[in-house]
Amino acid sequence: QRRVHGILMHLRHYNQPNIQRYIIRILFMVPVYAIDSWLGLRFKAAALYVDLLRDIYESFVLYNFFALLLTHIGGDRQCTAELMRRPPLRHPPPCCCAKPTAVGETFLRVCKLCMVQFMLTKPLCSIVAIVLAYLGLYDEGTVGAGYLATVVVVNVSVTVAFTALVYFYQATKHLLDNFQAVGKFMCVKAIIFLSFWQGFFIALLKKGGVIHGLGDWSANEVSMGLQDFLICVEMAGIALAHRWAFSHAPYRRAAERVPLLPHAAALLHSVTVSDVAH
């Protein structure tokens, strides 16, 4: 309810569409995760297929967070111009002894590609998992060859994406001083890392025999149900964090009576993904 209220408030004060559309997409992450997890609990036999929606939206949100930072700076052209004025960027630990990397148009393009590769890899791995499950070679929450292969690929992909985000922030943080970029980043990172590592540790518990079948629920269904239940609970805390990090207050105009766009038009503008395709 809190997160839906946050979305509605942004739609009511939709005065900076090019920025707020990314915020609304990020805010939708909580209800999408909560509804998806509830459906996984309600229809346990279809949980693996239902979770595909969560995986697609997770990768979509990470790209939108990067686009939010980039748009706040002023877009590709403005960001490139600002980067060209910067000295080479020192690498963070443990690569701090390596030669500093130049920042500019190529640097920005590489950061974008790192975001896009995760946006493609995560859903593709989920589809591969569904195909392997159909062939009997994959069990969600079971530490087997198929599960480990997808976990490794997704882990490498998300690490590359988050590393690119860190480099991008280090190069542009002087332009993001008043944007609470770190708080916003932690909110997005918390959801992705909680769901990923939580699922992995639940799989280890199932492998060790700690998690077993219960009633008409198999051990595999129990492990997937536990993951979905924990996500439902965690979304309440994440919603509070999002209310602080992605507040509508900076976009509210004094003595405002009507938004720049009507609510329905604002919602349509925020969910239209032509900007991502471009």
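The values are calculated or read from the model by the stated rules, or taken from the named source; none is laboratory data. Just so we're clear, the structure is a prediction, and the values are computed from it rather than from any experiment. Every residue, glycine as well, gets a Cβ built from its backbone with ideal geometry; the counts of neighbours run over all protein chains shown. SASA here: full protein model, heavy atoms, side chains in, ligands and nucleic acids out. Shrake-Rupley method; radii C 1.70, N 1.55, O 1.52, S 1.80 Å.
For Phe168, state whether it is touching a residue at least 60 places away in the same chain (Cβ under 8 Å) and open to solvent by less than 10 Å² (accessible area, probe 1.4 Å).
Here the answer is yes, as Phe168 does meet what is asked.
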> Residue check, Leu52 against (1) modelled with pLDDT of 85 or more; (2) closer than 30 Å to Val222 by Cβ; (3) within 15 Å of the chain's Cα centre (by Cα), all met but one. Which one?
Replying inline: (1)
> Only one of (1) farther than 23 Å from Asp36 by Cα; (2) open to solvent by less than 40 Å² (accessible area, probe 1.4 Å); (3) of a type outside the set (Phe, Trp, Tyr); (4) at pLDDT below 80 is not met by Asn220, so which one is it?
Replying inline: (1)
>> So, in the stretch 5-25, how many residues would count as being β-branched (Val, Ile, Thr) and either on the phi > 0 side of the Ramachandran plot or open to solvent by 40 Å² or more (accessible area, probe 1.4 Å) (or both)?
In response: 0
>> Given (1) buried (at least 17 other Cβ atoms within 10 Å of the Cβ); (2) polar (S, T, N, Q); (3) in contact (Cβ under 8 Å) with a residue 40 or more places away in the chain, identify the lone condition not met by Asn155.
In response: (1)
> What number of residues in the stretch 89-126 are open to solvent by 80 Å² or more (accessible area, probe 1.4 Å), out of contact with any helix residue (DSSP H, G or I) (no Cβ under 7 Å at 6 or more places or on another chain) and of a type outside the set (S, T, N, Q)?
Replying inline: 9
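Looking only at the stretch 192-231, filter to residues that are in a loop (DSSP other than H, G, I, E, B) and hydrophobic (A, V, I, L, M, F, W, C); which one of those is nearest to the chain's Cα centre (by Cα)?
Within the stretch 192-231, the match that is nearest to the chain's Cα centre (by Cα) is Ile211.
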>> I'd like to check something: does the stretch 187-207 contain any residue that is at pLDDT below 80 and at positive phi?
In response: no
> So which pairs qualify, if the first residue must be in the stretch 25-45 and among the polar types (S, T, N, Q) and assigned to a helix (DSSP H, G or I), the second must be open to solvent by 30 Å² or more (accessible area, probe 1.4 Å) and modelled with pLDDT under 90, the Cβ gap must be under 6 Å, and the two must be at least 6 apart or on different chains?
Replying inline: Ser37/Cys232
>> Which numbered condition in (1) under 15 Å from Val61 (Cβ atoms); (2) at pLDDT below 90; (3) not aromatic (Phe, Trp, Tyr) is the only one that His174 fails?
In response: (1)
> With respect to Ala164, is the statement that it is more than 20 Å from Ile238 (Cβ to Cβ), of a type in the set (Gly, Ala, Ser), in a helix (DSSP H, G or I) and over 21 Å from the mean Cα position of the chain (by Cα) true?
Replying inline: no
